Amino acid sequence: MGFNWRHILSLFCLSCSSWAALAQVLVFEDSFDQEGIWDSRNLNVGRFGYEDGWFQIYIDKPDSFIYVPAPVLPAKDVRLEVDISKRSGAASDEAGVFCRLQLEGGHYELMFSAEARTSAIYRVNGDEYVAIGRAVLPPEIKLNAGQKPNHLRAECVGSKLRLFVNDWLTLEAQDSNFEGGWVGLAAGTGTKVTQLTADFDNFKLYVL
């Protein structure tokens with residue numbers, strides 16, 4: 001969607017461990033109070049880094065995505081949790097998490113927009129974004145707009161991908177293109193000219 005993943009991907013030169021024996025173990029959490037754990041960077045479409053106790057992704061170009069790998073080893077079956085708020089941006093702009101990021105850039109993104117009341121799961125392969133699931137959130141799901149955060153939970157287990165917002169299951173899809181990889185934070189803009197500012201807090205990674 002407009003730029004090369006190598007501009008934003010910061011990988012860690014760590015040997016991979018097998019976590020197959022672990023069952024729903026919290027292996028990493030971060031409230032972003034201490035800077036320097038995650039990468040920070042300026043890009044041609046925006047920037048990402050620490051801001052006032054949050055981790056922030058800012059995008060000022062339409063039809064663009066930024067994804068930021070967490071400072072952890074790759075994993076296969078995971079549950080990701082994070083609080084997300086949007087300081088600015090269009091209703092079509094989305095924020096969320098990704099899983100199973102490959103060295104070549106392929107991965108899954110599990111995203112939502114509180115303003116548009118939509119959620120989506122994307123399969124990303126290079127610059128190709130394919131929505132393998134979309135949903136309009138029903139009115140019984142209470143969402144916070146603006147700077148009050150919503151809680152996102154994403155599960156990537158086997159071929160099943162599930163997205164929860166404020167503890168409600170909003171969307172699930174199945175895909176078997178990617179079996180394991182890095183995880184992290186993501187945000188993206190729609191086709192409108194916009195300035196998306198997405199704040200992230202209380203990130204947790206469980207290996208299942």
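The values are calculated or read from the model by the stated rules, or taken from the named source; none is laboratory data. Keep in mind it's a predicted model, so treat the numbers as computed, not measured. Counting neighbours? That spans all protein chains shown, and the Cβs are built from the backbone with ideal geometry, glycine included.
Reported count of residues in segment 115-155, each being over 17 Å from the mean Cα position of the chain (by Cα) and polar (S, T, N, Q), is 2.
Quick grid of which residues meet (1) surrounded by 16 or more Cβ atoms within 10 Å (Cβ to Cβ); (2) modelled with pLDDT of 95 or more; (3) not in a loop (DSSP other than H, G, I, E, B):
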residue	(1), (2), (3)
Gly2	no, no, no
Phe12	no, no, no
Ser15	no, no, no
Trp19	yes, no, no
Glu29	no, yes, yes
Glu35	no, yes, no
Asn44	no, yes, no
Ile57	yes, yes, yes
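Residue count for segment 177-193, restricted to those that are touching a Gly at 6+ places or on another chain (Cβ under 8 Å) and surrounded by fewer than 19 Cβ atoms within 10 Å (Cβ to Cβ): 1. Screening Leu101 on (1) in contact with a strand residue (DSSP E or B) (Cβ under 6 Å, 6 or more places away or on another chain); (2) surrounded by fewer than 20 Cβ atoms within 10 Å (Cβ to Cβ); (3) farther than 13 Å from Phe55 by Cβ shows it passes everything except condition (2). Screening segment 111-208 for strands (runs of 3 or more DSSP E) wholly inside it with 2 or more residues that are under 27 Å from Asp39 (Cβ atoms) and touching a residue at least 40 places away in the same chain (Cβ under 8 Å) returns the ranges 118-125, 150-157, 160-165, 182-188, 196-207.
Which is closer than 18 Å to Thr189 by Cβ, crowded, with 21+ Cβ neighbours inside 10 Å and aliphatic (A, V, I, L, M), of Ala75, Ala114, Ala131, Ala91?
Answer to the selection: Ala114.
Inside segment 87-110, can you point out the residues that are in a strand (DSSP E or B) and either at pLDDT below 95 or more than 15 Å from the chain's Cα centre (by Cα) (or both)?
Arg87, Ser88
Which residue is nearest to the chain's Cα centre (by Cα), if the candidates are limited to segment 51-84 and must be hydroxyl-bearing (Ser, Thr, Tyr) and closer than 20 Å to Asn150 by Cα? Only one residue fits best here, namely Tyr67.
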